[in-house]
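Beneath this line is the structure, given in structure tokens, with notes to follow.
The values are calculated or read from the model by the stated rules, or taken from the named source; none is laboratory data. Model, not experiment: these values are computed from the prediction. Neighbour counts are summed over all protein chains in view; Cβ atoms, including those assigned to glycine, are modelled from backbone coordinates with ideal geometry.
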Amino acid sequence: MTPQIQTTTQAVDQVFFLIFGISVVMLIGIAAVMVYFTVRYHHRRHPQPTSQVRSHLLLEITWTVLPTILVMAMFYYGWAGYLALRNVPEGAMEVKAVARMWSWTFEYENGRASERLYVPAGRPVKVHLVSEDVLHSFYVPAFRIKRDMVPGMDNYVWFIAPAPGSYHIFCAEYCGTGHADMITSVEALPPEDFTAWLAEAKDQAPDAVELLRRHGCLGCHSLDGSRMAGPSFKGLYGREKRVLSEGRERTLVVDAEYLRRSILQPKTDVVVGYPPIMPDYEGRIPEDELDAMVEFLRTLE
């Protein structure tokens, strides 16, 4: 890791410990003075007020100047920490994080995609944040980064994984019923291992389950028959379903055409009993990937 780069962890921790330290000193100091005054000027010792002091210029200057210095110091270090969080070091590797209800996909410049964020340890990484549907928030506690993901708005975070290991990623913005399931991880690898992973199988087509996971389908639909936000994929093909089409209820048989339509234009036929929360995928899924997903769903019994 480049020693002169201040990491996001260092930037946030310095400000936190400064403010925490000032707060502790103030707490102890104020509490000690309160206890002293309570004992020293107890009403049994002084049943009648005796002080005739109307003002104390030095005291008034002190409690004006000292808090001002403390607040300005906290502002300065807070601003410096904020700039460290927003100024991405040169040579940072770039990755796009795509959030949707309720899954993550991380896309690399060579076209590779993964449901986990693989990075080289010790190197700055810039993550472009994209939301496909509602508000999400990219949160990695280990690196002290949390940034909202607003549909249609460009945003980013950066970090350095100090050592190989696994670090949790959460969605920190309530985004619906599956919000708690939006958990994945940063997988920091030694640089040589990451280079091998990035090049591995980049020319091979992903399997259908990986495609379903990549496009967020498994965030709402199960493969084992369990009920989630959307109907389970297990045994779906060939069954009759009651759907709402343009406000009217009808029965249809799940075939390949219906599956394609439900992926690309999910609000056309909404299965009765489920909310119409699935976003449109028209123009967002390559045709070969769509064909692979539909074919897989046809065989899932």
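Numbers at a glance
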item	result
Residue identified as of a type outside the set (Lys, Arg), over 30 Å from LEU198 (Cα atoms) and surrounded by fewer than 10 Cβ atoms within 10 Å (Cβ to Cβ) among SER55, SER23	SER55
Number of the exception - ILE5 against (1) in a helix (DSSP H, G or I); (2) out of contact with any Leu (no Cβ under 8 Å at 6 or more places or on another chain); (3) within 30 Å of GLU90 (Cα to Cα)	(1)
Residue within segment 170-177 that is out of contact with any Ser or Thr (no Cβ under 7 Å at 6 or more places or on another chain) and either over 28 Å from THR9 (Cα atoms) or in the same structural domain as VAL12 (by TED's automatic domain parsing) (or both) present	yes
Residue check for ARG260: more than 18 Å from MET101 (Cβ to Cβ), touching a residue at least 24 places away in the same chain (Cβ under 8 Å) and not β-branched (Val, Ile, Thr)	yes
Any chance VAL140 is modelled with pLDDT of 95 or more, over 27 Å from ILE277 (Cβ atoms), surrounded by 18 or more Cβ atoms within 10 Å (Cβ to Cβ) and touching a strand residue (DSSP E or B) at 6+ places or on another chain (Cβ under 7 Å)	no
Any hit, segment 67-88, residues being modelled with pLDDT of 90 or more, farther than 20 Å from SER23 by Cα and touching a Lys or Arg at 6+ places or on another chain (Cβ under 9 Å)	yes
SER262 vs. criteria part of a helix (DSSP H, G or I), among the hydroxyl-bearing types (Ser, Thr, Tyr) and over 17 Å from ARG116 (Cβ atoms)	yes
Residue tally, condition crowded, with 19+ Cβ neighbours inside 10 Å, outside any strand (DSSP E or B) and not aromatic (Phe, Trp, Tyr), over segment 86-106	1
